[in-house]
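Reading through the structure tokens given below for one structure.
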Amino acid sequence: MKITKAIIPAAGLGTRLLPATKAIPKEMLPIINVPAIQLIVEEAVKSGIKDILIVVSQAKNPIIDHFDYNYELQHRLIKKNKKELAIMVKKIGDIANIQFVRQKEPLGLGHAIKCGKIFCGNDPFAVILGDDVVKNPPNEKPALKQCIDAFIQTNSCVVGIQEIEKKMVSKYGIVLPKNKQNETEKIFALKGLIEKPPIAKATSNYAILGRYVLTSDIFKALEETKTDQSGEIQLTNALKILIKKGKKINACRFTGKRYDLGSKIGLVAATIDYALDDQEIKNDIIKLIKEKVNKFNK
Ligand code: UTP
């Protein structure tokens, strides 16, 4: 079995990064010189995904433009003898078969996934959030590929997880492992899930972090999912319905450094880490950080 389809929800409001996100989609904010969503699409492609559906809203047209050709720019770059840049710009338009669908109202992640029902048909598919970047070293499988392999191995739905600090649990979907003792394994079965629990109610320290591999019965579960207190349809609640119906769901503890690019700290941390990997600017960045730290310590 192969997973070749992925949905990338990118229609959220991005309120945590306002005013930057007033006119620019947060998914287009760059990590150095590459928009976050391009890193996400590249991870999907490296994981074997061929067909991608990006869920956008009215305010997200720059995402559509980014994955299109820009003939005028290509033409001007060639005229200026910058053929390599022209090739790089064109390549972004050829990266995968990318389609777009509009989520007309930001009614939550579950609602955004529902917009992909026709695209997925009866095929299993991956979900990778448009603002959630995971950096894996070149010798390691991308986080999404690790989740896809777990899906193939267990023949059941998979949520990608990592351990987080206890104080952060109320920001994420938190899993309840079926057997406590299996928690140290890379893949383990789930008994339940809870969306953004208060610390006292958290069933573990394992948070679902932006990667899922799902079967098409999630769409029926999403139809049955009630809106929460904030008026949103949560994917976690639809997964809970599937578990209640006896469907097996596994967690895959993927490796890699994960950044929430929808948050200020995630954006800054990713920028620093990617800059330290960029040979062109690495030494200048180290010098700059050293200077700042020294000044700060004085
Ligand atoms: P977030 O939970 O970060 O929500 O969404 P948000 O609304 O975008 O951001 P804040 O909290 O207001 O700052 C996680 C992912 O799901 C998408 C977002 O675009 C992001 O990639 N999403 C969220 C949708 O596509 N539709 C929605 O209704 C909500």
Item to check | Normalised contact order of the chain, rounded percent, pairs of Cα under 8 Å and 6 or more residues apart | outcome: 22 percent
Checklist outcome for this item: For Ile7, other-chain or 5+-apart residues with amide H closer than 5 Å (H placed, Pro excluded) are Leu53, Ala126, Val127, Ile128
Item to check | Total charge dipole magnitude, the chain, about the Cα centre, Cβ charges on Lys, Arg, Asp, Glu only, Debye to nearest 20 | outcome: 440 debye
Checklist outcome for this item: Here, chymotrypsin sites (Phe, Trp or Tyr not before Pro) of the range 1-107 satisfying both criteria (DSSP loop; at most 16 other Cβ within 10 Å) are Tyr69
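Please report the carbon-and-sulfur percent of the accessible area for the range 143-298; probe 1.4 Å, protein heavy atoms only, DNA, RNA and ligands left out.
On the way: 4560 of 8450 Å².
Of all accessible area on the range 143-298, carbon and sulfur atoms account for 54 percent.
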Checklist entry - If we count every other residue with Cβ under 14 angstrom of Val56's Cβ, Lys/Arg +1 and Asp/Glu -1, where does the sum land? => result -1
Item to check | Reduced Cα scattering model of the chain, Debye log10 I(q)/I(0), q = 0.07, 0.09, 0.16 Å⁻¹ | outcome: -0.28, -0.46, -1.39
Item to check | Inter-centroid distance (Cα atoms) of the range 251-270 relative to the range 37-108, Å | outcome: 22 Å
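Could you provide, to the nearest whole Å², the per residue accessible area of the range 1-137 with probe 1.4 Å?
53 Å²
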Checklist entry - Taking the Cα atoms only, what angle lies between the long axis of helix 143-154 and the longest principal axis of the chain, rounded to 10 degrees? => result 30 degrees
Checklist outcome for this item: So the carbon and sulfur contribution to the accessible area of the range 1-65, 1.4 Å probe, in percent, is 58 percent
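Which GluC sites (Glu not before Pro) in the range 117-208 pass both tests, a DSSP loop state and at most 16 other beta-carbon atoms within 10 Å?
For GluC sites (Glu not before Pro) across the range 117-208 that sit outside H, G, I, E and B with at most 16 neighbouring Cβ atoms in 10 Å, the list reads Glu140, Glu165, Glu185.
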Next on the checklist: Treating only the Cβ of Lys, Arg, Asp and Glu as charged (+1, +1, -1, -1), what charge dipole size does the range 1-127 show about its Cα centre? Round to the nearest 20 debye.
Outcome noted: 200 debye
Checklist entry - Which of the lysines could be linked to Lys167 by a straight reach, that is with a Cα gap under 20 Å, when you skip same-chain ones fewer than 8 residues away? => result Lys196, Lys201, Lys257, Lys264
Item to check | Positive-end residue of Thr227, Val41, Tyr274, charge dipole of the chain with Cβ unit charges | outcome: Thr227
Checklist entry - Just the Cα atoms of the range 1-67: what Rg and Dmax do they give in Å? => result 12.6, 44
Item to check | Expected-Rg normalisation [2.2 N^0.38 Å, Cα atoms] applied to the range 149-298 | outcome: 1.29
Checklist entry - At 222 nm, what helix-only mean residue ellipticity would the chain give, in deg cm²/dmol to the nearest 500, using -39500 (n - 2.57) for each DSSP H run of four or more? => result -10000 deg cm²/dmol
Checklist entry - Which pairs break 22 Å Cα to Cα here: Lys5/Lys46; Lys145/Lys171; Lys60/Lys166; Lys220/Lys247? => result Lys145/Lys171; Lys60/Lys166
Next on the checklist: Here is the link list: Lys90/Lys282; Lys186/Lys245; Lys26/Lys141; Lys91/Lys240. Which ones come out longer than 31 Å on Cα distance?
Outcome noted: Lys91/Lys240
Item to check | Anisotropy class of the range 1-150 from Cα gyration tensor, a/c 1.5 cut | outcome: oblate
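Nothing charged except the Cβ atoms of Lys and Arg (+1) and of Asp and Glu (-1): what's the magnitude of the dipole of the range 57-216 about its Cα centre? Round to the nearest 20 debye.
In total the dipole reaches around 260 debye.
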Checklist entry - Given H placed 1.01 Å from N in the peptide plane, which residues other than close sequence neighbours of Leu193 have an amide H under 5 Å from its amide H? => result Leu176
Checklist entry - According to the square roots a ≥ b ≥ c of the eigenvalues of the Cα gyration tensor, what is the shape class of the range 175-241, taking rounded for a/c under 1.5, prolate for a/b larger than b/c otherwise, and oblate for the remainder? => result oblate
Item to check | Selected from Asn283, Ser263, Asn294, residue furthest toward positive end of dipole (the range 250-298; charges at beta carbon) | outcome: Asn294
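The values are calculated or read from the model by the stated rules, or taken from the named source; none is laboratory data. Nothing here was measured: the structure is a model prediction, and the numbers come from that model. FYI the Cβ positions are ideal-geometry reconstructions off the backbone, even for glycines, and counts take in every protein chain you see. With ligands, DNA and RNA removed, areas are computed over all heavy atoms of the protein, side chains included. Shrake-Rupley method; radii C 1.70, N 1.55, O 1.52, S 1.80 Å.
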